[in-house]
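Report on the following structure.
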Amino acid sequence: MTPSPIIETKDLTIRFGGHVAVDHVNLQITPFTFKSIIGPNGAGKTTLFNMISGQYRPTEGKVFFKGKDITPLSPAIRTQLGIGRSFQLTNVFLSLTVLENVRLAIQSQKDIGFNFWKNYLHFSELEDRAYEILKMVLLDTKWNVPASGLTHGEQRKLEIAILIALETEVLLLDEPTAGMALEEVPSILELLKQIKNRRDKTILLVEHKMDVLMALSDSIAVLHEGKLIADDTPETISKNKEVQEAYFGGGRSRG
(Lines give C-alpha, C1' and ligand atoms only; values in the text may rest on other atoms or scores of the structure.)
Protein backbone atom coordinates (compact mmCIF):
# COMPACT_ATOMS: atom_id res chain seq x y z
CA MET A 1 0.00 0.00 0.00
CA THR A 2 1.41 3.38 -1.03
CA PRO A 3 1.81 5.71 1.98
CA SER A 4 0.02 9.04 2.01
CA PRO A 5 2.23 11.93 0.89
CA ILE A 6 3.85 13.96 3.64
CA ILE A 7 3.74 17.05 1.38
CA GLU A 8 1.34 17.56 -1.49
CA THR A 9 0.58 20.50 -3.76
CA LYS A 10 -2.69 20.80 -5.63
CA ASP A 11 -2.90 23.11 -8.65
CA LEU A 12 -0.24 25.33 -7.08
CA THR A 13 0.00 28.53 -9.12
CA ILE A 14 1.57 31.95 -8.68
CA ARG A 15 1.46 34.99 -10.95
CA PHE A 16 3.66 38.05 -10.87
CA GLY A 17 1.77 40.63 -12.90
CA GLY A 18 0.97 38.92 -16.18
CA HIS A 19 3.68 36.29 -15.77
CA VAL A 20 2.73 32.82 -14.54
CA ALA A 21 5.84 31.66 -12.68
CA VAL A 22 4.36 28.35 -11.46
CA ASP A 23 1.41 26.90 -13.32
CA HIS A 24 -0.98 24.44 -11.63
CA VAL A 25 1.67 22.13 -10.22
CA ASN A 26 0.46 18.90 -8.60
CA LEU A 27 3.30 17.31 -6.66
CA GLN A 28 3.38 14.49 -4.12
CA ILE A 29 6.29 13.75 -1.80
CA THR A 30 6.36 10.35 -0.10
CA PRO A 31 7.61 10.21 3.51
CA PHE A 32 11.29 9.32 4.07
CA THR A 33 12.23 9.65 0.42
CA PHE A 34 14.61 11.94 -1.46
CA LYS A 35 12.88 13.94 -4.18
CA SER A 36 14.63 16.50 -6.35
CA ILE A 37 13.14 19.34 -8.36
CA ILE A 38 15.10 20.27 -11.46
CA GLY A 39 14.63 22.43 -14.50
CA PRO A 40 16.42 24.99 -16.66
CA ASN A 41 17.03 28.50 -15.37
CA GLY A 42 13.73 30.31 -14.90
CA ALA A 43 11.68 27.11 -14.74
CA GLY A 44 10.06 28.08 -11.42
CA LYS A 45 11.98 25.75 -9.09
CA THR A 46 12.80 28.20 -6.30
CA THR A 47 9.41 29.90 -6.66
CA LEU A 48 7.68 26.56 -6.10
CA PHE A 49 10.01 25.95 -3.16
CA ASN A 50 9.08 29.34 -1.71
CA MET A 51 5.40 28.44 -1.80
CA ILE A 52 5.98 25.07 -0.13
CA SER A 53 8.04 26.69 2.63
CA GLY A 54 5.67 29.66 3.01
CA GLN A 55 7.82 32.53 1.72
CA TYR A 56 5.32 33.10 -1.11
CA ARG A 57 1.54 32.85 -0.95
CA PRO A 58 0.12 31.15 -4.07
CA THR A 59 -2.30 32.91 -6.38
CA GLU A 60 -4.20 29.63 -6.70
CA GLY A 61 -3.95 26.13 -5.30
CA LYS A 62 -3.00 24.67 -1.94
CA VAL A 63 -0.11 23.10 -0.03
CA PHE A 64 -0.78 20.17 2.31
CA PHE A 65 1.40 18.71 5.07
CA LYS A 66 0.28 15.31 6.34
CA GLY A 67 -3.10 15.97 4.77
CA LYS A 68 -3.56 19.35 6.50
CA ASP A 69 -3.95 22.51 4.44
CA ILE A 70 -1.01 24.73 5.43
CA THR A 71 -1.40 27.27 2.61
CA PRO A 72 -2.19 30.22 4.93
CA LEU A 73 0.49 29.38 7.51
CA SER A 74 3.69 31.40 7.95
CA PRO A 75 7.19 29.94 7.42
CA ALA A 76 7.76 29.99 11.20
CA ILE A 77 4.66 27.93 11.90
CA ARG A 78 5.57 25.50 9.12
CA THR A 79 8.97 25.05 10.77
CA GLN A 80 7.25 24.31 14.07
CA LEU A 81 5.14 21.69 12.29
CA GLY A 82 8.30 20.01 10.96
CA ILE A 83 9.20 21.64 7.64
CA GLY A 84 12.71 23.13 7.62
CA ARG A 85 14.15 25.09 4.73
CA SER A 86 17.68 26.12 3.78
CA PHE A 87 18.51 28.88 1.32
CA GLN A 88 20.98 29.41 -1.51
CA LEU A 89 22.80 31.78 0.86
CA THR A 90 23.70 30.39 4.26
CA ASN A 91 21.64 31.53 7.24
CA VAL A 92 23.73 31.03 10.40
CA PHE A 93 24.95 33.21 13.30
CA LEU A 94 28.48 33.98 12.12
CA SER A 95 29.69 35.41 15.45
CA LEU A 96 28.71 32.29 17.42
CA THR A 97 30.60 29.03 17.52
CA VAL A 98 29.46 26.04 15.50
CA LEU A 99 28.19 24.30 18.64
CA GLU A 100 26.36 27.41 19.86
CA ASN A 101 24.50 27.69 16.56
CA VAL A 102 23.16 24.16 16.91
CA ARG A 103 22.48 24.44 20.65
CA LEU A 104 20.38 27.56 20.15
CA ALA A 105 18.30 25.71 17.57
CA ILE A 106 17.71 22.92 20.10
CA GLN A 107 16.75 25.49 22.76
CA SER A 108 14.32 27.06 20.33
CA GLN A 109 12.71 23.71 19.56
CA LYS A 110 12.40 22.86 23.25
CA ASP A 111 11.14 26.38 24.05
CA ILE A 112 14.06 27.04 26.41
CA GLY A 113 14.82 30.73 26.25
CA PHE A 114 17.43 32.83 28.02
CA ASN A 115 17.23 32.55 31.82
CA PHE A 116 19.06 35.25 33.78
CA TRP A 117 19.43 32.98 36.79
CA LYS A 118 20.53 29.84 34.98
CA ASN A 119 23.57 29.69 32.72
CA TYR A 120 23.12 27.64 29.54
CA LEU A 121 25.94 25.33 30.72
CA HIS A 122 23.42 23.89 33.17
CA PHE A 123 21.67 22.41 30.13
CA SER A 124 24.42 19.86 29.49
CA GLU A 125 22.02 17.57 27.64
CA LEU A 126 21.56 20.30 25.02
CA GLU A 127 25.31 20.53 24.52
CA ASP A 128 25.54 16.76 24.19
CA ARG A 129 22.74 16.64 21.63
CA ALA A 130 24.30 19.50 19.66
CA TYR A 131 27.60 17.63 19.53
CA GLU A 132 25.84 14.46 18.34
CA ILE A 133 24.29 16.42 15.47
CA LEU A 134 27.66 17.95 14.58
CA LYS A 135 29.12 14.44 14.35
CA MET A 136 26.25 13.52 12.05
CA VAL A 137 27.15 16.35 9.64
CA LEU A 138 30.91 15.83 10.00
CA LEU A 139 31.56 19.11 11.84
CA ASP A 140 32.39 17.77 15.31
CA THR A 141 36.07 18.73 14.98
CA LYS A 142 35.00 22.36 14.37
CA TRP A 143 32.64 22.58 17.35
CA ASN A 144 34.46 25.54 18.97
CA VAL A 145 35.20 27.45 15.76
CA PRO A 146 33.18 30.64 15.07
CA ALA A 147 30.81 30.03 12.18
CA SER A 148 32.53 32.91 10.37
CA GLY A 149 35.68 30.78 10.27
CA LEU A 150 34.04 27.96 8.31
CA THR A 151 34.33 27.51 4.58
CA HIS A 152 31.18 28.05 2.52
CA GLY A 153 30.67 24.29 2.27
CA GLU A 154 31.06 23.87 6.03
CA GLN A 155 28.51 26.63 6.61
CA ARG A 156 26.06 24.70 4.43
CA LYS A 157 26.67 21.64 6.61
CA LEU A 158 26.04 23.77 9.69
CA GLU A 159 22.78 25.01 8.21
CA ILE A 160 21.67 21.40 7.69
CA ALA A 161 22.70 20.64 11.29
CA ILE A 162 20.47 23.48 12.49
CA LEU A 163 17.52 22.07 10.52
CA ILE A 164 18.12 18.67 12.13
CA ALA A 165 18.34 20.32 15.57
CA LEU A 166 14.93 21.89 14.98
CA GLU A 167 13.62 18.32 14.66
CA THR A 168 12.19 18.97 11.24
CA GLU A 169 10.71 15.97 9.45
CA VAL A 170 11.14 17.52 6.02
CA LEU A 171 14.36 19.15 4.81
CA LEU A 172 13.83 21.65 1.99
CA LEU A 173 17.27 22.28 0.50
CA ASP A 174 17.67 25.01 -2.09
CA GLU A 175 20.78 24.38 -4.22
CA PRO A 176 23.05 23.32 -1.31
CA THR A 177 26.13 23.28 -3.55
CA ALA A 178 25.57 26.82 -4.92
CA GLY A 179 28.67 29.01 -4.65
CA MET A 180 30.71 26.14 -3.28
CA ALA A 181 34.31 25.40 -4.22
CA LEU A 182 34.56 22.34 -6.44
CA GLU A 183 36.53 20.38 -3.85
CA GLU A 184 33.79 20.94 -1.23
CA VAL A 185 30.95 19.48 -3.31
CA PRO A 186 31.73 15.77 -2.67
CA SER A 187 31.49 16.21 1.12
CA ILE A 188 28.03 17.81 0.83
CA LEU A 189 26.87 15.02 -1.47
CA GLU A 190 28.19 12.44 1.00
CA LEU A 191 26.32 14.19 3.83
CA LEU A 192 23.08 14.15 1.84
CA LYS A 193 23.65 10.48 1.06
CA GLN A 194 24.09 9.69 4.75
CA ILE A 195 20.93 11.57 5.71
CA LYS A 196 19.01 9.77 2.97
CA ASN A 197 20.27 6.36 4.08
CA ARG A 198 19.03 6.95 7.64
CA ARG A 199 15.48 7.09 6.22
CA ASP A 200 14.22 9.23 9.09
CA LYS A 201 13.89 12.47 7.09
CA THR A 202 12.09 13.44 3.92
CA ILE A 203 14.32 15.50 1.62
CA LEU A 204 13.14 17.86 -1.09
CA LEU A 205 16.04 19.32 -3.03
CA VAL A 206 16.08 22.05 -5.65
CA GLU A 207 18.99 21.75 -8.04
CA HIS A 208 19.78 22.53 -11.67
CA LYS A 209 22.71 20.14 -12.07
CA MET A 210 21.27 16.77 -13.08
CA ASP A 211 24.54 14.92 -12.54
CA VAL A 212 24.47 15.88 -8.85
CA LEU A 213 21.07 14.24 -8.39
CA MET A 214 21.00 11.04 -10.38
CA ALA A 215 22.67 8.87 -7.73
CA LEU A 216 20.89 10.49 -4.75
CA SER A 217 17.26 10.90 -5.73
CA ASP A 218 14.48 8.38 -5.32
CA SER A 219 12.44 10.50 -7.75
CA ILE A 220 12.92 13.65 -9.78
CA ALA A 221 10.30 16.24 -10.68
CA VAL A 222 11.03 18.42 -13.69
CA LEU A 223 9.70 21.96 -14.16
CA HIS A 224 9.75 23.85 -17.44
CA GLU A 225 8.24 27.31 -17.87
CA GLY A 226 6.39 26.88 -14.59
CA LYS A 227 4.78 23.56 -15.51
CA LEU A 228 5.50 20.12 -14.12
CA ILE A 229 6.46 18.13 -17.22
CA ALA A 230 7.72 14.90 -15.58
CA ASP A 231 7.96 13.21 -12.19
CA ASP A 232 9.58 9.78 -12.11
CA THR A 233 12.65 7.75 -11.20
CA PRO A 234 16.08 9.13 -12.16
CA GLU A 235 16.50 6.43 -14.80
CA THR A 236 13.20 7.26 -16.46
CA ILE A 237 13.81 11.00 -16.26
CA SER A 238 17.21 10.66 -17.91
CA LYS A 239 15.56 9.03 -20.95
CA ASN A 240 12.58 11.41 -21.15
CA LYS A 241 12.61 13.24 -24.50
CA GLU A 242 10.52 16.15 -23.19
CA VAL A 243 13.03 16.67 -20.37
CA GLN A 244 15.93 16.56 -22.81
CA GLU A 245 14.19 19.13 -24.99
CA ALA A 246 13.57 21.40 -21.98
CA TYR A 247 17.26 21.34 -21.06
CA PHE A 248 18.86 21.36 -24.46
CA GLY A 249 16.17 22.66 -26.79
CA GLY A 250 16.53 26.35 -25.98
CA GLY A 251 13.70 26.99 -23.50
CA ARG A 252 12.41 30.55 -23.37
CA SER A 253 12.15 31.02 -19.59
CA ARG A 254 13.93 33.82 -17.80
CA GLY A 255 14.52 34.67 -14.15
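The values are calculated or read from the model by the stated rules, or taken from the named source; none is laboratory data. As the structure is a computational prediction, the values presented were derived from the model and not from experiment. Note that we place each Cβ from the backbone using ideal geometry, even for glycine, and neighbour counts take in every protein chain shown. What goes into the accessible areas is simple: the full protein's heavy atoms, side chains included, and nothing from ligands, DNA or RNA. Shrake-Rupley method; radii C 1.70, N 1.55, O 1.52, S 1.80 Å.
Taking the charge dipole of the chain about its Cα centre, with +1 at Lys and Arg Cβ atoms and -1 at Asp and Glu Cβ atoms, the residue from A147, Y56, V185 reaching farthest to the positive side is Y56. Per residue, the chain exposes an accessible area of 50 Å² to a 1.4 Å probe, with every protein chain left in place. Taking every protein chain into account, the 1.4 Å probe leaves M136 with about 40 Å² of accessible area, to the nearest ten. Computed over every Cα-Cα pair of the chain and binned at 5 Å starting from 0, the pair-distance distribution P(r) comes out as 1, 6, 13, 17, 18, 16, 12, 8, 5, 2, 1, 0, 0 percent.
For the chain, give me the percentage of DSSP beta bridges that are antiparallel, rounded to the nearest 5 percent.
Of all bridge pairs located within the chain, approximately 55 percent are antiparallel.
In debye, nearest 20: dipole of the chain around its Cα centre with unit charges on the Cβ of K, R (+) and D, E (-)? Spell out each step's value before the answer.
Numbers: 29 positive and 31 negative charges, 83 e Å.
Dipole about the Cα centre, nearest 20: 400 debye.
With 27 Å as the limit, the listed pairs K66/K135; K68/K241; K193/K239; K196/K239; K10/K157; K62/K227 have K66/K135; K68/K241; K10/K157 beyond it between alpha carbons. Put a plus charge on the Cβ of each Lys and Arg, a minus charge on the Cβ of each Asp and Glu, and nothing anywhere else: the dipole of the range 127-255 about its Cα centre is then about 200 debye. By the helix-only formula, in which each DSSP H run with n ≥ 4 contributes -39500 (n - 2.57) and the sum is divided by residues, the chain has a 222 nm mean residue ellipticity of -9500 deg cm²/dmol. Across the chain, the mean sequence separation of Cα contacts (distance under 8 Å, 6 or more residues apart), normalised by length, yields a relative contact order of 28 percent.
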